[in-house]
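Shown next, in structure tokens, is the structure this report addresses.
The values are calculated or read from the model by the stated rules, or taken from the named source; none is laboratory data. Note that this is a predicted model, so its numbers are computed, not measured. So basically every Cβ, Gly included, is an ideal-geometry build from the backbone, and we count neighbours across all protein chains shown. For accessibility, only protein heavy atoms count, side chains too; no ligands or nucleic acids. Shrake-Rupley method; radii C 1.70, N 1.55, O 1.52, S 1.80 Å.
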Amino acid sequence: TMKYGVDVYSAPAFALFGMIKKLSSYTKGAKYADRGLQLLDICTEGKITESRTTYLSWYMVYPCSKPINSTLKHLLHGYKVGMEVGDVESAMWNVSAYLCSSIVAGKALKPLAVDCMTYIEQMRLLKQDHILHQSLPFAQGVLNLLGDAEDPLKLSGSAMIEEDYLAMIESSDARVMSFLHLQIFKNIMCNFFGDYEQGAKLALGRGDEYEKKNGSPLVMLDTLHQGISLYAMARRTKETKYIRAAKKVRKVVAMWLKKDNVNVAHYIPFLEAEEAALEGNSVEATRLYTRAIALASTSGFLHDVALASERYAEYLLHDLMDSGRAGQYFQDSIKYYTDWGSDYKADLLKQNYSHLFGEEIPKGISVDPDFVISASWKDDVQDNNEPSQAVETSPGRGFSKVTAEDDYNYDVEAKAVAQPFAATSKKPVLNTLGFEGDDEPGRGGVKDDSASLDISSITTPYPKPCARSLPRLGRAAAAENYHGEKIEEEGDELDCGVADDKTDEVTFSSDGNSSEIKSALLVSRDILLDGYRTELDNGDVESVAFQISLRCYQGWPFYQPLVDRQVELESSISALAQLKQNSPEISLQAYLLVVRRLRNLSSKDETNHAFEELLKTIEPTSNTFHSVKMMQLELFVLFQDWEGALECLADTPKKRSKFVEMHASVRGMFFEALVHLKTSGNATSWLARRKGKRKAIKTLQKLYRLVEQGNDDVRQYMHILLAECYVLEGSARAAENNFKAAISIAELVGFFHDKALAHELASKWYKEEGKEYWTNFHFERSQRLYVEWGATSKVETQQIYYTENLCEHNI
């Protein structure tokens, strides 16, 4: 190309050379693939080889340096282009690569199964036998996980019969690769369905043969599953052949990570957890398993989260004899398998380990799926250390001891009342063949995308709270007077509510009176997005910037995986930079620093330095300075650094109470009060403790006024502060009730990280009270929420604290 100029085959040649350079450096390999794709635009007949170049670049090169999920739409594009120009072979290679990469990425199984059967049939019709033979194990592996095979360890079902397949590939040009694919997917099935001995045998038989012959993403999945099988058998037998092979696998993955393979970050803690378990180091194994689960969840590898949770549960059950925590992680694994689409695997786990789970619904009660049961609950909370079960029920009225939300116990005199329940709407299955009219699949449709600004991620909707029946607990607790400071007056009746997934409204009933909790923030986020589009059309740049930034501020308290939050923030910051709106851009930079710290993408020192540099660029009296300091304060609170938070408050402008119409300012008021309560608890003088409590009471009064005005987004703040006030006062019953109220309300309105914080604070308080069961219970709930959120760094910090302070004798 350098000598004779660009030719139609220059682009695939560069991509092919990128495959070779990838062996020494993933970055260099990607650069050559980049040049190959650029040459397609230069060459007038570039479309002829576009499909081939796409396959080589996005399947054989980029998966080592880019997130595997990002490759899928390009492979489908390569398929489409190949079919358009008549390059059928390259089109089929692209679609085979799409199926394989989807499996590696953990794409939802049910729509993937449809894709598999569709494309397999197309390969057969187009007589692309060598590609078909290599792809059949992909399809049958997916089907096995859906329960298509009589024996899940055998690749025999709707796509292929294993014995017939072996006979068919004997004369195939792709015999070697086809046989290796069969072996790999049999190994994967062995791990998912518990035959580690057969999996280890298959792993020892093929070793690194596939890696030497193929550089595809399947090498990553193959290596991980080899390691899991080998470590499982090493732990079971202590045989040298398994131990040596397992450690070799771990070293290979460590080398990939050192070369910046972004898709294997969770492989290392997973395999290191298996090694720590092999060596009998339970503390390290616990830390590494939870880290692997958090990293896999953050990166979107749902199948790896499910398997890691299952392996950790098996370790807890068989090695540590901790059936309680094992049951919790088996339930987590069941949830992840179900979300992935493998109901078959989830059902097998339920059959094998359901004896470890507590009963969620008392026996003898049947509920019409179109209705939910509403009940009036009398406040008679039991101070037990174990969840209770139903002892008596009747269709109309009965006296029973039941387990409520988060396993809290109540004596209940319940009168069952049926009321209509809004069924959760089902998401339509995306058409994976076309994406007609959508230039950014999964990021909003054509109407949501902008031709001038890259704001596709801004249009990603927030997930709404699931529809469920929840107890609304805390208003009775808030009825008490705290040192003569009137907070709220209400009766002692507690009530249940139903969250409508379509309207985000929660209706409660108490003694015939009804009230509504409706999140104003949930409503405002969509209004702001509409306003953004309108102002963009009108050319009002300042209003556009205001709508973008305000939507991020208002959306922050709601649950959204941090990886998605980061994408949205980066897109918003990019848009604001293009619009030259410096102040809102700096504010969102602070949010991004918090996200990166929580995801463990930057260290504590790096984050503190970045905040210092950011604050140097703005006036200390400005609203932007206040916004940045509030995010810095939130980070201190999330990591329970109360002294650091107090220092941060000393440097923060006193503007929180002046902007109570902004939820970010109200949240800042809450954090300020919480910091004063936590630091006053450690104070040596009575006067300092009293001062901290008085500041918190003033904030409580402001929060109550907001609730009276109809702001239901601050209720959980009020109950967390009340709980901490009662902790300082030594009133255990009132503190417990308010922690429960905060947890229930935070879930009700969708503030999942506030729920995690409430669980964490409750866990530490129960430790001080000497209640081991509830200490562990709240810690586990908090960990799950942080893991689901994707807060890897927080999970690690919390796990270290738990190991050192909360459960020395258990670990």
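When region 553-565 is filtered for residues that are closer than 17 Å to P584 by Cβ, assigned to a helix (DSSP H, G or I) and under 16 Å from the mean Cα position of the chain (by Cα), only R565 remains. Reported count of residues in region 566-588, each being under 24 Å from the mean Cα position of the chain (by Cα), crowded, with 19+ Cβ neighbours inside 10 Å and of a type outside the set (A, V, I, L, M), is 4. Each residue in region 68-113 was checked for being open to solvent by 30 Å² or more (accessible area, probe 1.4 Å), in a loop (DSSP other than H, G, I, E, B) and closer than 14 Å to L302 by Cβ, and 2 pass.
Scanning region 167-183 for residues being open to solvent by less than 20 Å² (accessible area, probe 1.4 Å) and β-branched (V, I, T) gives a total of 1.
Scanning region 293-343 for residues that are outside any loop (DSSP other than H, G, I, E, B), hydrophobic (A, V, I, L, M, F, W, C) and over 20 Å from G106 (Cβ atoms) yields a total of 3.
The rows are residues; the columns are (1) in a helix (DSSP H, G or I); (2) within 25 Å of G668 (Cβ to Cβ); (3) open to solvent by 10 Å² or more (accessible area, probe 1.4 Å); (4) out of contact with any Phe, Trp or Tyr (no Cβ under 7 Å at 6 or more places or on another chain).
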| site | (1), (2), (3), (4) |
| --- | --- |
| E736 | yes, no, yes, yes |
| I745 | yes, yes, no, yes |
| K755 | yes, yes, yes, yes |
| S763 | yes, yes, no, no |
| N776 | yes, no, yes, yes |
| E780 | yes, no, no, yes |
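For region 584-603, filtered to residues that are farther than 16 Å from C552 by Cα and in contact with an Asp or Glu (Cβ under 9 Å, 6 or more places away or on another chain), the residue that is modelled with the highest pLDDT is R597. Inclusion of P137 among residues that are surrounded by fewer than 24 Cβ atoms within 10 Å (Cβ to Cβ), of a type outside the set (D, E, K, R) and under 27 Å from L349 (Cα atoms) is not warranted.
Hey, could you check region 621-641 for residues that are open to solvent by less than 30 Å² (accessible area, probe 1.4 Å) and among the hydrophobic types (A, V, I, L, M, F, W, C) and say which is nearest to the chain's Cα centre (by Cα)? Within region 621-641, the match that is nearest to the chain's Cα centre (by Cα) is L638. Scanning region 35-67 for residues that are assigned to a helix (DSSP H, G or I) and either open to solvent by 40 Å² or more (accessible area, probe 1.4 Å) or of a type outside the set (S, T, N, Q) (or both) yields a total of 21.
Filtered by the rule that a residue be surrounded by fewer than 21 Cβ atoms within 10 Å (Cβ to Cβ) and either touching a strand residue (DSSP E or B) at 6+ places or on another chain (Cβ under 7 Å) or closer than 23 Å to E724 by Cα (or both), region 785-802 gives T797, Y801.
Each row is one residue, and each column tells you yes or no for (1) part of a helix (DSSP H, G or I); (2) in contact with a strand residue (DSSP E or B) (Cβ under 7 Å, 6 or more places away or on another chain); (3) open to solvent by 60 Å² or more (accessible area, probe 1.4 Å).
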residue	(1), (2), (3)
L143	yes, no, no
K154	no, no, yes
G157	no, no, no
Y165	yes, no, no
F185	yes, no, no
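Could you tell me whether Y344 is open to solvent by 30 Å² or more (accessible area, probe 1.4 Å) and in contact (Cβ under 8 Å) with a residue 60 or more places away in the chain? So Y344 fits the description; yes.
Residue-wise test of (1) part of a helix (DSSP H, G or I); (2) at pLDDT 95 or above.
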residue: G205; (1), (2): yes, no
residue: G215; (1), (2): no, no
residue: V219; (1), (2): yes, yes
residue: R244; (1), (2): yes, yes
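Out of S309, S323, one residue alone is crowded, with 24+ Cβ neighbours inside 10 Å and either touching a helix residue (DSSP H, G or I) at 6+ places or on another chain (Cβ under 6 Å) or aromatic (F, W, Y) (or both). It is S309. Pull out all pairs, ordered by first then second residue, where Cβ-Cβ is under 7 Å, the residues are six or more apart or on different chains, the first lies in region 772-798 and is within 13 Å of R325 (Cα to Cα), and the second is among the hydroxyl-bearing types (S, T, Y) and part of a helix (DSSP H, G or I). Sorted first by the residue in region 772-798, then by its partner, the pairs are W774/Y766; T775/S763; T775/Y766; H778/S763; H778/Y766; F779/S763; F779/Y802; Q783/T290. Looking only at region 269-287, residues that are open to solvent by 10 Å² or more (accessible area, probe 1.4 Å), modelled with pLDDT under 95 and part of a helix (DSSP H, G or I) come to 4 in all. Taking the stated definitions as given, is K28 in a helix (DSSP H, G or I), touching a Leu at 6+ places or on another chain (Cβ under 8 Å), of a type in the set (K, R) and open to solvent by 10 Å² or more (accessible area, probe 1.4 Å)? Here the answer is no, as K28 does not meet what is asked.
Of all residues in region 700-734 being polar (S, T, N, Q) and within 33 Å of the chain's Cα centre (by Cα), which is least open to solvent (accessible area, probe 1.4 Å)? Filtering first and then ranking leaves Q716. Only one of the listed residues (G106, G86) is out of contact with any strand residue (DSSP E or B) (no Cβ under 8 Å at 6 or more places or on another chain) and more than 18 Å from Y59 (Cα to Cα). That residue is G86. Of the residues L271, L204, the single one that is under 16 Å from A308 (Cα atoms) and aliphatic (A, V, I, L, M) is L271.
Checking G199, G227, G215, G207 one by one, the residue that is in contact with a His (Cβ under 8 Å, 6 or more places away or on another chain) and either open to solvent by less than 10 Å² (accessible area, probe 1.4 Å) or under 25 Å from A97 (Cβ atoms) (or both) is G199 and no other.
Taking region 155-183 as the range and being closer than 18 Å to C116 by Cα and under 38 Å from the mean Cα position of the chain (by Cα) as the test, the residues that pass are L155, S156, G157, S158, A159, M160, I161, E162, S178, H181, L182.
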